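The values are calculated or read from the model by the stated rules, or taken from the named source; none is laboratory data. Because the structure is a prediction, the values reported are computed rather than measured. Glycine also receives a Cβ, built like all others from the backbone with ideal geometry; neighbour counts cover every protein chain displayed. Heads up: the accessible areas ignore ligands, DNA and RNA and are worked out on the full protein's heavy atoms, side chains in. Shrake-Rupley method; radii C 1.70, N 1.55, O 1.52, S 1.80 Å.
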Amino acid sequence: MSDDRLRFETDPSRYRHWKLEINGSIATLAMAVDPAGGLRDDYELKLNSYDLSVDIELHDALQRLRFEHPTVKAIVITGGLDKVFCAGANIQMLATSTHAHKVGFCKFTNETRNGIEEMSAEGGQVAIAAVNGTAAGGGYELALACDEILLVDDRSSAVSLPEVPLLAVLPGTGGLTRVVDKRHVRRDLADVFSTKVEGIKGKQAVEWGLVDAIAPPTAFADLVRTRALARAAESDRPDDAEGFELRPLEHRFVEVVRTETAATVTVRAFGSLEESLEACRELDDAILDLRFNDADLGTWVLRTEGDASAVLAADEELDRGDWLAREVRLYWKRTLKRLDMSARTLVALVTPGSCFAGTLAELALAADRTLMLDDDETVLQLTDVNDGWYLMANGISRLATRFWGRDDSLARVRSLLGKQLPAGDAFDVGLVTSAPDDLDWDDEVRILLEERASFSPDALTAMEANLRFPGPETMETKIFARLTAWQNWIFQRPNAVGPDGALKRYGTGVRPAFDKGRVG
């Protein structure tokens, strides 16, 4: 791989934008963005504005808080600059980035924010936003991901989502959905808020539900500490436990092989909780690497190899109930969701020597097409893991999603949990798309991959995003559906990126010229 590939692995010694301080059960994560520390040198990250480099560090810091600091029970996210929390995504970065980078950046940002919400809801580490100054656009969206939002009442600090009046490009990246679905702000007030450039401050922000509490500058630190201690007291995280170090990846369990149109991702069997975590981290890194660095590889072929019984033994360790086992399970849940949300065709190939069992059987269930060789050796084994451990964005398992509205079929498959299923049985109960024998296998796989490569990538993205998430609608599915559809549309419209559009005119003092026609 070339040296100019975007990398997602980092560590605190390389942070340029975040400062982490731990005081007992409370961690403070302060955003102090280095203006010259962006991915490229054609923009400056002023006023705690961010690009992907800032989000990569945030993602890493959150992972380390989960695993390396088990006694941390509340996390305060705040601004590290005076009177500035975060000014949102850097506009010059957006104006000069490719369409693919803009969409991928917004998707990764929201996945990280969903992880913050999961920490609060399931991981025992509650996130509190201490908004110590301006929180605009993506800055307020970061605060919205936290369980509580505390705003300094200094007569100038406000929260705002000013994209509609200022930018015309980003009114659908999660913030608006969280305002009404999560914070239950009345929709007409949310409309006023979203068209008010200066935002809402102080008492009115509390009354509208945009923040939870305010305090003057002299009492703000006490308010933040009081709320953090109160939330920490409710946590079930341990009072005395040794953390698990997230060492540099060794790439022992995940291998990626690239061709002109596809990438084959092979996950090798792991045999312990620690190895399961390592495999999960490697898979997460591989997904992000492929998303951002290999846009032309429209199909990901998912394979596994190794001892299925070892994977099942590792799954048993994940069921032991302590904080570390819970965190590893949650990491698998996030990584599998990232796979679901990737705009690529997913094809799983179940062959002799595969270990699609338990946790790794989720890869077969996540695929758009699953092919299984019909021979005397190849088996697929689902367990209780596949019936509720790793819920999708729609709030149900991949197994339940596969058989949505087909309760008899789901019950039949549930009766087979724990059993090794040969291809014929797996096909009969609907767990695989097709089960060719060895005479037809190579041709069927080749035809499938060639056919996929011949279709429009845009059409495939739309089709796959629609078909992968039957069942309940959730805040998370709404956010990502809008990311997929709205941004792929808005980011290419002349009103945003045309020569007289908002991104081109931003900062020039000249107002953008909009095509006033509405579509639809």
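Taking one equal scatterer on every alpha-carbon of region 306-464, how large is log10 of I(q)/I(0) by Debye at q = 0.08, 0.13, 0.16, 0.20 1/Å?
After summing over all Cα pairs, the log10 values are -0.24, -0.64, -0.97, -1.40.
Where does helix 217-233 land angle-wise versus the long Cα axis of the chain, in degrees 0 to 90, nearest 10?
30
Restricting the calculation to Cα positions, tell me the Rg (one decimal) and the Dmax (whole number) of region 137-252 in Å.
Using the Cα atoms of region 137-252, the pair Rg, Dmax is 17.8, 54 Å.
Please provide three numbers in whole Å: the alpha-carbon extents of region 239-284 along the principal axes, with the largest listed first.
Here the Cα extents, ordered largest to smallest, are 51, 19, 15 Å.
Give the share of C-alpha pairs in each 10 angstrom bin for region 28-142, from 0 to the last occupied bin, in whole percents, shortest bins first.
14, 46, 32, 8, 0
Excluding Gly498 itself, calculate the net charge of residues whose Cβ lies under 10 Å from the Cβ of Gly498, where each Lys or Arg counts +1 and each Asp or Glu counts -1.
Combined, the nearby Lys, Arg, Asp and Glu give +1.
Which GluC sites (Glu not before Pro) in region 434-473 sit in a loop by DSSP (not H, G, I, E or B) and have at most 13 other Cβ atoms within 10 Å of their own Cβ?
In loop regions of region 434-473 (DSSP not H, G, I, E or B), the sparsely surrounded GluC sites (Glu not before Pro) are Glu473.
Considering every Cα-Cα pair within region 110-154, what fraction, in whole percent, is farther apart than 17 Å?
30
Restricting to bridges with both residues inside the chain, how much of the DSSP beta-bridge set is antiparallel, in percent to the nearest 5?
Expressed as a percentage, antiparallel bridges in the chain total about 30.
With r defined as the distance between the Cβ atoms of Ser409 and Ile447 and R0 fixed at 30 Å, what FRET efficiency is calculated, to the nearest 0.05?
With a Förster radius of 30 Å, E is 0.65.
In the neighborhood of Gly24, defined by Cβ-to-Cβ distances under 14 Å, what is the net charge if each Lys or Arg adds +1 and each Asp or Glu adds -1?
Within the 14 Å Cβ shell, the charges total +1.
Looking at region 401-448 from every direction and averaging, what is the projected area of its Cα convex hull in nm²?
Its Cα hull, projected and averaged over all orientations, spans 4.1 nm².
Using 1/(1 + (r/R0)^6) with R0 = 56 angstrom and r between the beta carbons of Lys196 and Asp440, what's the FRET efficiency to the nearest 0.05?
Result of the calculation: an efficiency of 0.35.
Per residue, how large is the accessible surface of the chain? Use a 1.4 angstrom probe and give square angstrom.
It amounts to 43 Å² per residue over the chain.
Any chance you could run the full-extension gain for Leu229 through Lys46? It's 0.36 nm times the residue separation minus the Cα-Cα distance, nm to one decimal.
Extending this stretch completely gives an extra 62.7 nm.
So for region 40-90, Kirkwood radius off the Cα pairs, Stokes-Einstein at 10 °C and 1.306 mPa s: how many µm² s⁻¹?
126
Using 1/(1 + (r/R0)^6) with R0 = 22 angstrom and r between the beta carbons of Ala213 and Lys83, what's the FRET efficiency to the nearest 0.05?
Efficiency at R0 = 22 Å is approximately 0.70.
If you take the Cα Rg of region 455-519 and divide it by 2.2 N^0.38 Å, with N the number of residues, what do you get?
Expressed relative to 2.2 N^0.38 Å, the Cα Rg reads 1.46.
Regarding the chain, what is the average projected area of its C-alpha convex hull, in nm²?
Computing the convex hull of the Cα atoms and averaging its projections yields 24.5 nm².
Please give the contour-minus-distance gain from Asp384 to Asp240: 0.36 nm per residue of separation, less the Cα-Cα distance, rounded to one decimal in nm.
Taking Asp384 through Asp240 to full extension adds about 48.7 nm, to one decimal.
In degrees between 0 and 90, to the nearest 10, how far off the longest principal axis of the chain does helix 441-454 point, with axes built from Cα atoms?
Taking Cα atoms only, the helix is inclined about 30 degrees.
Could you sort the peptides 199-205, 408-414 by per-residue average Cβ neighbour count (10 Å cutoff), highest mean leading?
199-205, 408-414
Quick check for you: which residues of region 294-337 have the amide N under 19 Å from the point 7 Å beyond the Cα of Thr433 toward its beta carbon?
Flagged as within label range: 297-304.
Give, rounded to the nearest 20 debye, the magnitude of the charge dipole that the chain has about its Cα centre when Lys and Arg contribute +1 at Cβ and Asp and Glu contribute -1 at Cβ.
With Lys and Arg at +1 and Asp and Glu at -1, about 2800 debye.
Quick one: Kirkwood hydrodynamic radius for region 259-306, alpha-carbon pairs, angstrom, one decimal?
Evaluated over region 259-306, this radius sits at 11.6 Å.
Using 0.36 nm per residue of separation minus the Cα-Cα distance, give me the extension gain between Leu416 and Ala221 in nm, one decimal.
In short, 64.6 nm is gained.
Averaging over every viewing direction, what projected area does the convex hull of the Cα atoms of region 1-81 cover, in nm²?
If I average the Cα hull's projected area over directions, I get 5.9 nm².
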